[in-house]
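The values are calculated or read from the model by the stated rules, or taken from the named source; none is laboratory data. The structure presented is a predicted model; accordingly, all values stated were derived computationally and were not measured. Cβ placement follows ideal geometry from the backbone for every residue including glycine, while neighbour counts extend to all protein chains displayed.
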Amino acid sequence: MGDASTAGPEVDNAAGHGENLKDSSPSLSDQSQQPSAFLTRRSAAWTDTIPRTEHNFLFLNCDYGTTSLGPLPDWQSSLRFYASMVFADSRGAGVYWGPERVAFYNAAFAPLLGAMHPSLMGRGFNEVFPEVSATFEPIFQEVESTGKTVDVNEIHVFLERNGYLEEVFFVGQFIPLRDDCGQIRGCYNTVFEATQQILRRRRRKVVDRIGEIPKLTVGDTLDRFSEALGTDPEDIPAALLYSYDELAHESEESPNIFLQVAIGVRKDHPCAPSHARLETCQAGLVPLFRHVRHTGKPYALSTTDKRYKEILDGIDWHGFGERPREVVICPLIISGQVLGFSMLGTNPRRLYDESIEQSISDLTRQMEVKWLNAISSEQAERREQILERRLTVSEQRQRHLAASAPMGMAQIEPNGTFVWANDQFFEIMEMDPAKPNIDEFQRLLAPEAREEHRTTFEALMGGAPRAIREWRLDRRWSPPVRDDEDTEPSSAWILGVALPLMENGNAKLLMAYVTDISRQKWAEAVQTRNAAAATLAKKRQEDFIDVTSHEMRNPLSAISQLADSIATSLDTDLPDSLEAWQHAARESAAAASTILSCAAHQKRVIDDVLMLSRLDSRMVSINPVLGQPGKIVADTIKMFDGEVKMNDLQITAVKDDSESNLDRAWMLVDVSRLTQILLNFISNAIKYTASQAVREICVRYGQQKKRPNRMATAFGDLSMVPSKLCSPINEALPELRDNDEKLYLYFCIQDTGPGLTASATSKLFQRFSQVSPRTHVNYAGSGLGLYISRELAEKQGGGVGVASRPGEGSVFAFYIETRTAVASEQEPEDFALPAPRMVAQLGRRPAPTVQSASSEHTSTGAGLPNAQPGLPDAPSKATSERNGFNVIIVEDNLVNQKILAKQLRSAKCIVTVANHGKEALELLEKANCWRHNTVGDDDDANDIDSPLEQNASPKVDVILMDIEMPIMNGLDCTRRIRSLEKEQQISRRLPIIAVTANVREEQQQLTFDAGVDSFLSKPFTVTELLAKMREVVL
């Protein structure tokens, strides 16, 4: 076959016309005018009759000159006619000419050639199709020898098309062709493909063979299946058939699928286990069997699937001996009954299409019908036997379940007799099995539950639906874990479920189930307590915030007023004398000293809060250095010299020599942290002892080898508070060396304070906790000191504890882990102890007094170190508005009393001071507003120089009422005043201004509810106070 690109010019030159064969064919009128052109020798004009199509150009451009046909211009007239017929035929048609069977064919013939098109055009048939020449050569010879047409049906050939060697079938004719001399020189071949029809018929034969199987036993039927499947090896090159036994459930490991038929698969092949458990087996194709059982549809598995490719190796594929592209897994299910599963190989020389899918579906359906028909009476009997056996086993299992169930079960007749009950029922109820009746059951319930149970039982027997109740039993139950709240065993509880078994509308039997829920009820109670504890913790935190706010705002108020006094001290005209200016300077110095004292108090509160934050964030470190316990105690006590002197206290330090052999002067301690704990304990002792008749504090310290978990004290044995750590150790200490000893330092601070009750001591050392909510009012403080001390002691491997006796005093103790050391080994590191404490000490409050504006003997009692006892008045700015009010200050803080009284006197006010609400009421009884004091009242009674002891009746214009006070707080005092006004014991309504550090909205509302007229929060200036007083008085 020549190159199509060069064939055209050769034909044109041979024709001698110079025509282009690709031009359109001449019209019919032109052809009629030149009737001899088709037959002209050595002319290509005859090809003008061939339609110009893409396929036909292949024919026109072939180089036939290299074949026995010769160039197109030289073709015989007969051959020209045959060519015209081929390209005019609507069927697939071609011509084979000459001894080489040189071919040319039309476009309809080309698809039948597959990959051999266009190679066959202009070439010999045997040359192009050597693999099928043996099939067609006899046909060619028969045509040539007989001169007759040979019809061919179902020519079975394999063509390389669609990317693989494909099995195809053709139907057609081979018609003899003669040349100009009358000799048979070739064949005219017409053909069409009949592959689908023939293959469908071939596959149908297998289905029909199965359909012809008579009713046989299951085994014989499966054998017939194998025979029928083996008759079509081309379409079914391999097959597997498994039976499924739904009754094989004696155990979860028992096999329930069994191999019955294997075609092309050896006995031990990995893809086909002889038996398996469908639900659990992962071998072979069993997972796919599970899949198709679930879906109920066939599954086409690609043999190149990585998951199954290897297990399909080694199969003896029948038919063409080639591995198919797909195998089909089918479930055999009819009327919901699973009979088995099949694996069918497909034709490797055909694509898996709808026709193959349909034939497999028909085959599967026919096998399902025949298999179901083959179930014999013997198998039905076997099925019945197995079901009976299973029923027996099920009953046994139910009995075993009832015997081992964690709940109690019982059956009760309407008369209350127990028909049956398992052992658990009697165990849970602790019921005597010899008394199986409902009366005995009700006797075991708690008394308050018995009547309700009797009513419930009668309702159920009357046809009521099931009842679910929780019943408390009369017996007790001990919880597995007990806390401080579990003072006694808990009640036992059961959950009861009962339902009647009805027959003909009547209850014949009551099914009862009981479960022990004692643990759950106990857990619910624990959760309730935990919730209450969380609520309490939240309240403590709020109380802490309130206390901290109070402790911050009170000194801040004093600071603001003193600073205001200093700032305005030069606004008043002073006498032009050195003594006057010196007096003003002393007053300013005293005010500044008080400011420093208040600032120190605030710093202490802030330090406690910051220390708490650092403890929570685990940012507190322990840094042990060489130190002498005796010197640390002495230096710490020395810090309290001012407070000791002011409160007439006696503090002594005593070294415990009970183990003199352990007397070590130098030890490794964190001096700063140790001092901080001592400061907290000693300051507490001073605070609570200062108001007692006997004011003695003893600091006893010592050392011992054993952890001092218990100590003997003057107030009984002292036990350390259990540590929050499993095993507290001082991790900051170095490892013990040969000359080191592990020791414990202990410290006991004993005071002669009021003492504590057992319930009060249990609240100590806890976060945000004080002995009572009024503690900070009576003694000040944030409630954090002891908690911080406990945390610091435990971080040093120690602990804290307290022993107390009401009316006698208390002992607060702590200990830390330490090491002995020799002073020469390491010089003690420098450390700075905290500066002498300047915290507000309430001290012993004096009796209330009435002071004039010029008096220098106001009862302050602030207890501030270095505070001046008398502060001269500092006049305030003159105003055009009235300032000269008669004021009662009800304030428990002595510093605030002193400062506020001084400021108001400077503003021309007449001031009377009360330490708490009860004293305020006592003052009112002597005031001019009291009913029996109103008669005969005159201005002399309110002379500013008149002492309280005089029988005068002071005037009262306004009351400044603090809220947080001992004895009687501001709210109670206000309520009492308003009550006295209603009783007309007080002749007029007295204006009351709440002056307090309680600033939360709820707290403010409480003051108004109590009856105050206005509210002023600390800190404030006297100018703001005077403005507020004018609002309520004028």
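The number of residues in region 235-261 being touching a helix residue (DSSP H, G or I) at 6+ places or on another chain (Cβ under 8 Å) and modelled with pLDDT of 90 or more comes to 9. The condition of being acidic (Asp, Glu), touching a helix residue (DSSP H, G or I) at 6+ places or on another chain (Cβ under 7 Å), closer than 26 Å to Asp316 by Cα and assigned by TED's automatic domain parsing to the domain that holds Asp316 holds for only one of Asp223, Asp268, Asp208, Asp232, that being Asp232.
Can you pull out every residue in region 692-707 that is over 17 Å from Gln796 (Cβ atoms) and surrounded by 15 or more Cβ atoms within 10 Å (Cβ to Cβ)? Explain how you work it out, then say what you get.
Filtering region 692-707 down to residues over 17 Å from Gln796 (Cβ atoms) leaves 692-700.
Once the filter is applied, which keeps residues that are over 17 Å from Gln796 (Cβ atoms) and surrounded by 15 or more Cβ atoms within 10 Å (Cβ to Cβ), region 692-707 yields Gln692, Arg695, Glu696, Ile697, Cys698, Val699, Arg700.
The residues of region 392-415 that are within 18 Å of Val497 (Cα to Cα), free of Cβ contacts under 8 Å to residues at least 24 places away in the same chain and not in a helix (DSSP H, G or I) amount to a single one, Ala405.
A Cβ distance below 9 Å, combined with a sequence gap of six or more or placement on separate chains, defines the contacts here; from region 900-928, residues that are under 15 Å from Ile963 (Cα atoms) and assigned by TED's automatic domain parsing to the domain that holds Asp957 reach residues that are in a strand (DSSP E or B) and of a type in the set (Gly, Ala, Ser) in the pairs Ala920/Ala914; Leu921/Ala914.
Only a single criterion out of (1) over 23 Å from Pro118 (Cβ atoms); (2) outside the structural domain of Leu344 (by TED's automatic domain parsing) is not satisfied by Arg161, namely (1).
Do we have Ser274 as modelled with pLDDT under 95, assigned by TED's automatic domain parsing to the domain that holds Leu363 and over 30 Å from Leu391 (Cβ atoms) here? Full working, then the answer.
Values: modelled with pLDDT under 95: yes; assigned by TED's automatic domain parsing to the domain that holds Leu363: yes; over 30 Å from Leu391 (Cβ atoms): yes.
Yes, satisfied.
Can you spot a residue in region 749-768 that is at pLDDT 85 or above, surrounded by fewer than 22 Cβ atoms within 10 Å (Cβ to Cβ) and basic (Lys, Arg)? No; the residues of region 749-768 include none that is at pLDDT 85 or above, surrounded by fewer than 22 Cβ atoms within 10 Å (Cβ to Cβ) and basic (Lys, Arg).
State yes or no: is Asp89 touching a helix residue (DSSP H, G or I) at 6+ places or on another chain (Cβ under 8 Å), touching a residue at least 40 places away in the same chain (Cβ under 8 Å) and charged (D, E, K, R)?
Details: touching a helix residue (DSSP H, G or I) at 6+ places or on another chain (Cβ under 8 Å): no; touching a residue at least 40 places away in the same chain (Cβ under 8 Å): yes; charged (D, E, K, R): yes.
Considered against the rule, which asks whether it is touching a helix residue (DSSP H, G or I) at 6+ places or on another chain (Cβ under 8 Å), touching a residue at least 40 places away in the same chain (Cβ under 8 Å) and charged (D, E, K, R), Asp89 comes out as no.
Only residues that are assigned to a helix (DSSP H, G or I), buried (at least 17 other Cβ atoms within 10 Å of the Cβ) and polar (S, T, N, Q) were counted across region 343-368, and they come to 3. Sub-8 Å Cβ pairs linking a first residue in region 445-461 that is on the phi < 0 side of the Ramachandran plot to a second residue that is among the β-branched types (Val, Ile, Thr), at least 6 apart or interchain, are Phe457/Ile438, ordered by first then second residue. The number of residues in region 303-321 being surrounded by fewer than 14 Cβ atoms within 10 Å (Cβ to Cβ) and either out of contact with any His (no Cβ under 9 Å at 6 or more places or on another chain) or among the β-branched types (Val, Ile, Thr) (or both) comes to 9.
Can you pull out every residue in region 483-528 that is at pLDDT 85 or above, under 15 Å from Trp471 (Cβ atoms), of a type in the set (S, T, N, Q) and not in a helix (DSSP H, G or I)? Selection gives Ser491, Thr515.
Every residue, every condition in (1) modelled with pLDDT of 90 or more; (2) of a type in the set (Lys, Arg); (3) under 16 Å from Asp751 (Cβ atoms), yes or no:
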| residue | (1), (2), (3) |
| --- | --- |
| Asn661 | no, no, no |
| Trp666 | no, no, no |
| Arg673 | no, yes, no |
| Leu678 | yes, no, yes |
| Ile682 | yes, no, yes |
| Ala685 | yes, no, yes |
| Ser691 | no, no, yes |
| Glu696 | yes, no, yes |
| Val699 | yes, no, yes |
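Tyr701 passes every criterion in (1) closer than 15 Å to Ile816 by Cα; (2) touching a residue at least 40 places away in the same chain (Cβ under 8 Å); (3) in a loop (DSSP other than H, G, I, E, B) apart from (3).
Residues to consider are Leu674, Leu718, Leu668, Leu743; find the one that is in contact (Cβ under 8 Å) with a residue 24 or more places away in the chain and not in a strand (DSSP E or B). Leu674 is the lone residue from the list that is in contact (Cβ under 8 Å) with a residue 24 or more places away in the chain and not in a strand (DSSP E or B).
The set of residues in region 275-290 being assigned to a loop (DSSP other than H, G, I, E, B) and either basic (Lys, Arg) or under 17 Å from Leu339 (Cα atoms) (or both) consists of Arg277, Leu278, Glu279, Leu285.
In region 212-254, how many residues are surrounded by 13 or more Cβ atoms within 10 Å (Cβ to Cβ) and under 58 Å from the mean Cα position of the chain (by Cα)? Going through region 212-254 one residue at a time, the tally reaches 16.
If you go through region 708-720 and pick out every residue that is surrounded by 15 or more Cβ atoms within 10 Å (Cβ to Cβ) and more than 12 Å from Phe812 (Cα to Cα), you end up with 1. When the helices (runs of 4 or more DSSP H) confined to region 958-1034 are screened for residues that are touching a helix residue (DSSP H, G or I) at 6+ places or on another chain (Cβ under 6 Å), those reaching at least 3 such residues are found at 970-982.
Conditions (1) surrounded by fewer than 14 Cβ atoms within 10 Å (Cβ to Cβ); (2) among the β-branched types (Val, Ile, Thr), marked per residue:
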position	(1), (2)
Ala262	no, no
Cys271	no, no
Ala283	yes, no
Val286	no, yes
Val292	no, yes
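A single entry from Lys538, Lys521 fulfils the requirement of being surrounded by 12 or more Cβ atoms within 10 Å (Cβ to Cβ) and of a type in the set (Lys, Arg): Lys521. Residues that are loosely packed, with under 15 Cβ neighbours inside 10 Å and of a type outside the set (A, V, I, L, M, F, W, C) do not occur anywhere in region 169-177.
Between Ala449, Ala532, which is in a helix (DSSP H, G or I) and either touching a Ser or Thr at 6+ places or on another chain (Cβ under 9 Å) or at pLDDT below 85 (or both)? Don't jump to the end; show me each part of the working.
Numbers: Ala449 fails: either touching a Ser or Thr at 6+ places or on another chain (Cβ under 9 Å) or at pLDDT below 85 (or both).
Ala532 is the lone residue from the list that is in a helix (DSSP H, G or I) and either touching a Ser or Thr at 6+ places or on another chain (Cβ under 9 Å) or at pLDDT below 85 (or both).
List the number of the failed condition for Ser43; all other conditions in (1) touching a Lys or Arg at 6+ places or on another chain (Cβ under 9 Å); (2) assigned to a loop (DSSP other than H, G, I, E, B); (3) among the polar types (S, T, N, Q) hold. So Ser43 meets the others, but not (1). You will find that of Leu339, Leu363, the residue that is in contact (Cβ under 8 Å) with a residue 60 or more places away in the chain, touching a helix residue (DSSP H, G or I) at 6+ places or on another chain (Cβ under 7 Å) and closer than 15 Å to Ile263 by Cβ is Leu363 and no other.
All conditions in (1) modelled with pLDDT under 70; (2) part of a loop (DSSP other than H, G, I, E, B); (3) crowded, with 16+ Cβ neighbours inside 10 Å hold for Met619, with the sole exception of (3).
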